[in-house]
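To start, the structure under review is shown below, and the notes come after it.
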Amino acid sequence: MMKMKTIKILLFIPMLMMILQGCVPLEIVDEIQLINAVGYDKDENNEIRGTATYPIYNPDGTIDFEALSGVSHTSRFIFSKLNTKSPKQLKSGQLRVVVFNDTFAQDGVLEIVNSMYRNPSVGNRLYMVVAEGSSKEILTKKYGASPLPAIYLQDMIEQNVETENLPETNLHLFLYDYYGEGLDPFLPLVKAGKDTIQIDGIALFRGDKYVGKLNHRESFIFKVLIDGSRTGQYEVNLHKGKKKGYAVIRNIKGKTKYHVKKVNGVPEFQIDMKILGEIHEYPPWLNLEIPANIKLIEDTFKKDVDKQARDMIKEFKKLHIDPLGLGDQVRRREKYWNYKDFEKNYRNIKVNISTNIDIVESGVIE
Amino acid sequence: MMKWLKKKPKKQTPTVDLSNNTYRTIVELIDHAKDSADFIHYPQKTVFHNVFISYYKAMIDGELLHRDILPYIIHSKEFKSLKDLKDILPIESVTITNDIQEIQNKLLRGFIVIQFNEYDAECAIIRAENFATNRPVSVSEIEFSVIGPKEAFIENLDSNLYLIRRRLPVPQLVFKEIVIGKYSKSRIIIAYLQDVADQENINTVTQRIKDIEFDVITDSSLLEQIISDNTKSVFPQLVSTERPDRVVYMLNFGQIAILSEGSPQALLGPTSITEYFSSPEDYYLSWVLGSLFRFIRFLSVIFSTFATPIYVAVLTYHYQMIPKDLLAPLISSRANIPFPPVLEVMFLELTIELLREAGARLPTKVGQTLGIVGGIVIGQASVAAGLTSNILLIVVALSALASFTTPVYKMANTIRILRFPFIFFAALWGGVGIILAMSFILVHLLRLESLGRPYLTPIFPPRILDMTDSIFRFPFNRELKRPNSLKTSLPSPKKVKESRLKKDIDE
């Protein structure tokens, strides 16, 4: 005869299974609509216009996309409104890119970023971009490069971070920069072309508000300043006597070291930038076999970088933002650091930049 | 000199007969035996007297009887008493006894019984077993290996013992014989290396086999199930192998082999789970390849168990974790399928199981056709008909393929069954369910024992030294030590470093 205990367990397990089955929501992958990009614009009545696009995978292997748009005061309620137009439930677990319209971003994006951050099915490696122009337009257009605008944006950012001038960016880093004291976030800035999307530079934020931008050339130095980089290309404008021309230098290894000195209680920065580069292209009149000519490129490049870095920091001070994290550099070195004090003095802080350029290759490229 | 100092000659350990199924008197035995048609019992005239010769026709070698026994018995003038048979017959095994148990057992195993009177208690028993019907030693088919010995055990126990003894010609190799089974009277051999194997293990095996009360033992698999530590477990707790080289290799490590009459498979124990994934071929290939193939086998077991459950869990609950490039093929192939992923998976998994079962029951030639029909036609048709997605078809086929890599057939079957609870739990609670099912299995494995020794040994309890020949297969000069977990009484040679050097003469 079976023991009472065994019988109890044998009855309990199937019961548990039947009861707990309902605790997990069923989300069969082909029976839901997977949003992969959301765009936010400002509506005329100061409401939020949200645009969500999702892919339609046809059985024959072709991919289309559809976009739904809705207006509301909050980002979450937009989804509820969009669901009223959709045959399958809209799910944000495959969200890859969030696009903010620039005027929308100027009013602050925290509400939306926070809501996404607290959504467990949205990944922290999500890309966010600021778009010049309507984000709805960007997300509803058909592009030749990729059947899905979201995947186009995602791949584009990814490859630019990996190989070009764009610094690392995602939801997690944005939040780190936002909540960290002595740091300000930044996002990639995109612009819609005729049938392309283009990275236009970097959008700079004060808190959660979009306040300024850097162009593609400036973002090269910005990326080296942030935390060094091994990618990116830079065009140098050359003069030698009457001859003029351009040379392209590829960054092999760029490193930045921050030195902080306290003078009368006010921090003073010494930023040492070191860039190892190789010459990819140069004007035909320049003979690279002569070391002096390489020196010329080096010097011009150095002057350029120096000036741009200095201008950039001046601009940051003027905007009262700190995307480089100068305040954070101080905080790392000091035990009792007061953010308020630092912020007060930020505009008067002295920042010296010294650049060290080393052209190590000029021959066969790649 | 002092007599008590001299060592007494040791008596041979007798066969333990636990079958306990004998008649009490010779009268009963012969009268009952006469009911059978193949029992021959007749009086034979010899020079001085009549003798009764009885034997089972099918069990004896007729030629031996006619050539080496009858002529001597009939014509010999020296045959006066039964004892004289020992000198007359050119056969070594002539016993005079009145032990009814011995008479009955030997009579039924192909011995000839000679008495002066029909119901005489004293009999001469002469060995005349018939070996003609034995299958010759053949190539191992279940555990095939490309290189290395190909001999496999057969159904004849003595021939199997020969295969082992030939490879270990030392007196330390002990074959203990126990006869069990009320009707089958199966001879069970417990084989071990006296100085190597742990006495405790030997005792465990002997005790467990002696405790068996069973009527008919047809195969060693029955033994395995009966003496297993946990009979409810789906995991085999003793390795059953048909390869003498594997048995010999493991005997040297201190394991104990159990062979049974009529079974072409030997059992090895105590085992740990890693042994079920090691093939003898690992040792015949270079250690790099051996380790690599073993690793591939471990991976394939994991793949085979988890591939379809993860498919179910991800597609039903965790769409978030699908990489973006995999979304398109997954969704577009599932677009026309009316079932939830669980049913889809169960449909294909059951199809594969059907194919496997049908293929195993059919004759070889028909089986091959079945494989092609099943694999290609049903697979393609079910995709075309929109019953399953073609990605799942690949996953299921691969996981079935992966489950075949396990060299021990019984473990391969376990792996094949193991994925069903996982699929069930994955359908119920997704990834949480898979983890839950895995926890159950892990707890079970942790508690499992093989002949009283932990089943997960080199992994838990961790035995780093033993891992040199379980998870990996290190070169032979690195694994001179016998496994810790087997508690061998002759652990290891000490001069490890010296023996690792090649003693070549430098020029």
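Among the residues of the range A:187-216, which ones are crowded, with 23+ Cβ neighbours inside 10 Å and out of contact with any Lys or Arg (no Cβ under 9 Å at 6 or more places or on another chain)?
Within the range A:187-216, A:187, A:188, A:190, A:205, A:210, A:214 meet the criteria.
Here is a yes/no grid of residues against (1) assigned to a strand (DSSP E or B); (2) modelled with pLDDT under 85; (3) under 24 Å from residue B:188 (Cα atoms); (4) among the acidic types (Asp, Glu):
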position	(1), (2), (3), (4)
B:118	no, yes, no, yes
B:126	yes, no, yes, no
B:134	no, yes, yes, no
B:137	no, no, yes, no
B:144	no, no, no, no
B:148	no, no, no, no
B:158	no, no, yes, yes
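Go through the residues of the range B:79-88 one by one and say whether even a single one is under 18 Å from residue B:125 (Cβ atoms), among the hydroxyl-bearing types (Ser, Thr, Tyr) and outside the structural domain of residue B:217 (by TED's automatic domain parsing).
Looking for residues that are under 18 Å from residue B:125 (Cβ atoms), among the hydroxyl-bearing types (Ser, Thr, Tyr) and outside the structural domain of residue B:217 (by TED's automatic domain parsing), one finds at least one in the range B:79-88, hence yes.
Among the residues of the range B:404-422, what is the count of those that are more than 14 Å from every other protein chain (Cβ to nearest Cβ), in a helix (DSSP H, G or I) and farther than 19 Å from residue B:221 by Cβ?
Final tally of qualifying residues: 4.
Among (1) assigned to a helix (DSSP H, G or I); (2) crowded, with 20+ Cβ neighbours inside 10 Å, there is one condition residue B:279 misses while meeting the rest; what is its number?
(1) is the only condition that residue B:279 fails.
Table: residues versus (1) of a type in the set (S, T, N, Q); (2) within 15 Å of residue B:130 (Cα to Cα); (3) surrounded by 12 or more Cβ atoms within 10 Å (Cβ to Cβ); (4) within 39 Å of the chain's Cα centre (by Cα).
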residue: B:17; (1), (2), (3), (4): no, no, yes, yes
residue: B:22; (1), (2), (3), (4): yes, no, yes, yes
residue: B:26; (1), (2), (3), (4): no, no, yes, yes
residue: B:67; (1), (2), (3), (4): no, yes, yes, yes
residue: B:73; (1), (2), (3), (4): no, no, yes, no
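For every residue, the table says whether it meets (1) over 18 Å from residue B:106 (Cβ atoms); (2) surrounded by 15 or more Cβ atoms within 10 Å (Cβ to Cβ).
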| position | (1), (2) |
| --- | --- |
| B:159 | yes, yes |
| B:171 | yes, no |
| B:175 | yes, yes |
| B:186 | no, yes |
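Can you list the helices (runs of 4 or more DSSP H) lying wholly within the range B:328-385 that have 3 or more residues being modelled with pLDDT under 85 and aliphatic (A, V, I, L, M)?
Working: elements: B:341-361, B:364-372, B:379-384.
Correct list: B:364-372.
For residues that are over 20 Å from residue A:271 (Cβ atoms), in contact (Cβ under 8 Å) with a residue 12 or more places away in the chain and part of a helix (DSSP H, G or I), tally how many sit in the range A:329-363.
1
Quick check on the range B:336-346: of everything there that is more than 44 Å from the chain's Cα centre (by Cα) and surrounded by fewer than 16 Cβ atoms within 10 Å (Cβ to Cβ), which residue is farthest from the other protein chains (Cβ to nearest Cβ)?
Among residues in the range B:336-346 that are more than 44 Å from the chain's Cα centre (by Cα) and surrounded by fewer than 16 Cβ atoms within 10 Å (Cβ to Cβ), the one farthest from the other protein chains (Cβ to nearest Cβ) is B:338.
If we keep just the residues of the range B:352-386 that are in contact (Cβ under 8 Å) with a residue 40 or more places away in the chain and more than 14 Å from chain A (Cβ to nearest Cβ), which is farthest from residue A:26 (Cα to Cα)?
If we take residues in the range B:352-386 being in contact (Cβ under 8 Å) with a residue 40 or more places away in the chain and more than 14 Å from chain A (Cβ to nearest Cβ), then B:356 is farthest from residue A:26 (Cα to Cα).
Determine whether residue A:331 is in contact with a Gly (Cβ under 7 Å, 6 or more places away or on another chain), under 16 Å from residue A:228 (Cα atoms) and assigned by TED's automatic domain parsing to the domain that holds residue A:362.
Considered against the rule, which asks whether it is in contact with a Gly (Cβ under 7 Å, 6 or more places away or on another chain), under 16 Å from residue A:228 (Cα atoms) and assigned by TED's automatic domain parsing to the domain that holds residue A:362, residue A:331 comes out as no.
Tell me whether the range A:188-198 contains one or more residues that are farther than 29 Å from residue A:249 by Cα and not assigned by TED's automatic domain parsing to the domain that holds residue A:257.
yes
Tell me, which strands (runs of 3 or more DSSP E) lie completely within the range A:21-77 with 3 or more residues that are within 14 Å of chain B (Cβ to nearest Cβ)? Spell out how you get there, then give the answer.
On the way: elements: A:32-34, A:37-42, A:48-57, A:63-72.
Passing ranges, in order: A:32-34, A:48-57, A:63-72.
Could you list all residues from the range B:282-299 that are crowded, with 18+ Cβ neighbours inside 10 Å and part of a loop (DSSP other than H, G, I, E, B)?
Hit for the range B:282-299 is B:285, nothing else.
Here are some conditions: (1) surrounded by 20 or more Cβ atoms within 10 Å (Cβ to Cβ); (2) among the hydroxyl-bearing types (Ser, Thr, Tyr); (3) out of contact with any Lys or Arg (no Cβ under 7 Å at 6 or more places or on another chain). Residue A:140 meets all but one. Which one does it not meet?
Residue A:140 satisfies all of (1) surrounded by 20 or more Cβ atoms within 10 Å (Cβ to Cβ); (2) among the hydroxyl-bearing types (Ser, Thr, Tyr); (3) out of contact with any Lys or Arg (no Cβ under 7 Å at 6 or more places or on another chain) except (1).
For the range A:78-97: of the residues being aliphatic (A, V, I, L, M) and not in a loop (DSSP other than H, G, I, E, B), which is nearest to residue A:122 (Cα to Cα)?
Once the filter is applied, the top-ranked residue is A:97.
How many residues are without any contact (Cβ under 8 Å) to a residue 60 or more places away in the chain and either surrounded by fewer than 18 Cβ atoms within 10 Å (Cβ to Cβ) or touching an Asp or Glu at 6+ places or on another chain (Cβ under 9 Å) (or both) when one looks only at the range B:99-113?
The total comes to 5.
Would you mind stating whether residue A:62 is out of contact with any strand residue (DSSP E or B) (no Cβ under 7 Å at 6 or more places or on another chain), under 18 Å from residue A:141 (Cα atoms) and in the same structural domain as residue A:138 (by TED's automatic domain parsing)?
Taking the combined requirement at face value, the residue satisfies it.
Can you tell me which residue within the range B:301-319, out of those that are of a type in the set (Phe, Trp, Tyr) and more than 31 Å from the chain's Cα centre (by Cα), is farthest from the other protein chains (Cβ to nearest Cβ)? Full working, then the answer.
In the first step, residues of the range B:301-319 are kept if they are of a type in the set (Phe, Trp, Tyr); the result is B:303, B:306, B:311, B:317, B:319.
Among the residues that remain, those that are also more than 31 Å from the chain's Cα centre (by Cα) are: B:311, B:317, B:319.
On the way: B:311: 11, B:317: 6, B:319: 4 Å.
Within the range B:301-319, the match that is farthest from the other protein chains (Cβ to nearest Cβ) is B:311.
For the range A:98-119, state whether one or more residues are within 14 Å of chain B (Cβ to nearest Cβ), outside any strand (DSSP E or B) and in contact (Cβ under 8 Å) with a residue 60 or more places away in the chain.
No: zero hits.
Which of the residues spanning the range B:423-457 are assigned to a helix (DSSP H, G or I) and within 20 Å of residue B:229 (Cα to Cα)?
B:440, B:441, B:442, B:443, B:444, B:445, B:446, B:447
The values are calculated or read from the model by the stated rules, or taken from the named source; none is laboratory data. Not measured: the values here are computed from a predicted model. Using ideal geometry, Cβ is built from the backbone for each residue, glycine included, and neighbour counts are taken over all protein chains shown.
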